[in-house]
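The structure appears below as structure tokens.
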Amino acid sequence: RHSFPTRRSSDLAYASKKYEIQRDKNVEKIKDILPGVNCGACGYPGCSGYAEAITKGAEINLCSPGGEKVMELISQITGKNGEKSEKMVARVLCQGDNTKVTKVYEFESEIKTCSNANLYFGGDKSCMYSCLGYGDCRKVCPVGAIKNTEKGLVVVDEELCISCGKCVEVCPKKVIKMLPYKSKVTVFCNNKEKAQVAKKNCQVACISCGVCKKACPVDAIEIVGNLAKINPEKCINCGICALKCPTNAIRSELKEYRIAEISTEKCIGCTACKRVCPVSAIEGEVKQKHKVQESVCIGCGLCFEKCKFDAIIIKNKVVKE
């Protein structure tokens, strides 16, 4: 009969204590790395709670304010790897300021908040879905990224936004949405009424006409509940929907734009690019060198994909202020 050495309880207690001390040290190190805004976007009670959760196995990529940089520093401490997350920002999907909608009554209250105004007939604006502009979202923003405008709306500074989502939770009209920072073409409307009612209540309302959907070269737009919706996964930020929208409900915030250019050396005049261009920006007859009209081109890239002779390149140009 063989006897096997057994680990004494004192050894186990020592190892457990040693691990606990190391874990406590890591909690402090991680807490020092986290931004300290205690926004709760990670799903834990503040930065301390998240630091402790990480040492117990939580994902290391949940800190929206810290982003990639914080994730990498935590990775160095824990040895864990985390997937890079896309930056999300809050956007107020409304342009219905006091010049574009009408006041249906004067809201007089000692406590002027959106939640209070919403109790009285859904607010004091003619559009039932509009931003009320009293700044409940501004008050809960931990980094001061939201400001009131003089015309009765609020705006978000996307460079300051930390993606905590507190403004989304507090908005009684549900007019604030978290959208990818990279998405620069947005439907700035939340109105779900039929076209006639929506247009009557707001000058820049989406009227669900479907013009944007038809114009989109990559099928990124749907009409859902009388409202145009852009799929950010499909959208290529070409901005054609914003150009075509008859009510200006869609807005483009592009700081640079894409444009196609055709090489006269490689182009054989097959007209394949011309046939797929959704805005007729390409000139040229069969067997002639083709040319792109820069003022018309939206940079959708369909011509680039269609050309079999590598005669087309897509360039970026900065939007002139």
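The values are calculated or read from the model by the stated rules, or taken from the named source; none is laboratory data. It should be emphasised that the depicted structure is a prediction, and the values quoted were computed from it without experimental measurement. Note: ideal-geometry Cβ built from the backbone for every residue, glycine included; neighbour counts use all protein chains shown. Note: accessible area is taken over every heavy atom of the protein model, side chains too, but ligands, DNA and RNA are not part of it. Shrake-Rupley method; radii C 1.70, N 1.55, O 1.52, S 1.80 Å.
Numbers below:
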{"item": "Residue check for Lys18: among the charged types (D, E, K, R) and either modelled with pLDDT of 85 or more or part of a loop (DSSP other than H, G, I, E, B) (or both)", "result": "no"}
{"item": "Cβ pairs under 7 Å, 6+ apart, first in segment 235-257 and under 19 Å from Cys277 (Cα atoms), second among the β-branched types (Val, Ile, Thr) and part of a loop (DSSP other than H, G, I, E, B)", "result": "Ile236/Val218; Cys238/Ile298; Gly239/Ile298; Ile240/Val279; Ile240/Ile298; Tyr257/Val319"}
{"item": "Condition met for Ile74 (under 26 Å from the mean Cα position of the chain (by Cα), surrounded by 18 or more Cβ atoms within 10 Å (Cβ to Cβ) and farther than 30 Å from Gly135 by Cα)", "result": "yes"}
{"item": "Tally of residues being within 14 Å of Ser163 (Cβ to Cβ) and open to solvent by less than 40 Å² (accessible area, probe 1.4 Å) across segment 23-56", "result": "4"}
{"item": "Per-region count, segment 102-153, residues farther than 17 Å from Arg91 by Cβ, among the aliphatic types (A, V, I, L, M) and touching a helix residue (DSSP H, G or I) at 6+ places or on another chain (Cβ under 9 Å)", "result": "1"}
{"item": "Total residues in segment 191-206, condition in contact (Cβ under 8 Å) with a residue 12 or more places away in the chain, open to solvent by 10 Å² or more (accessible area, probe 1.4 Å) and polar (S, T, N, Q)", "result": "2"}
{"item": "Residue match in segment 262-275 (condition: under 30 Å from Gly96 (Cβ atoms) and not small (Gly, Ala, Ser))", "result": "no"}
{"item": "Residue in segment 257-278 that is closer than 27 Å to Gln203 by Cα, out of contact with any Gly (no Cβ under 7 Å at 6 or more places or on another chain) and either at pLDDT below 95 or among the basic types (Lys, Arg) (or both) present", "result": "no"}
{"item": "Test result for Ser280, closer than 21 Å to Ala215 by Cα, out of contact with any strand residue (DSSP E or B) (no Cβ under 7 Å at 6 or more places or on another chain) and among the small types (Gly, Ala, Ser)", "result": "yes"}
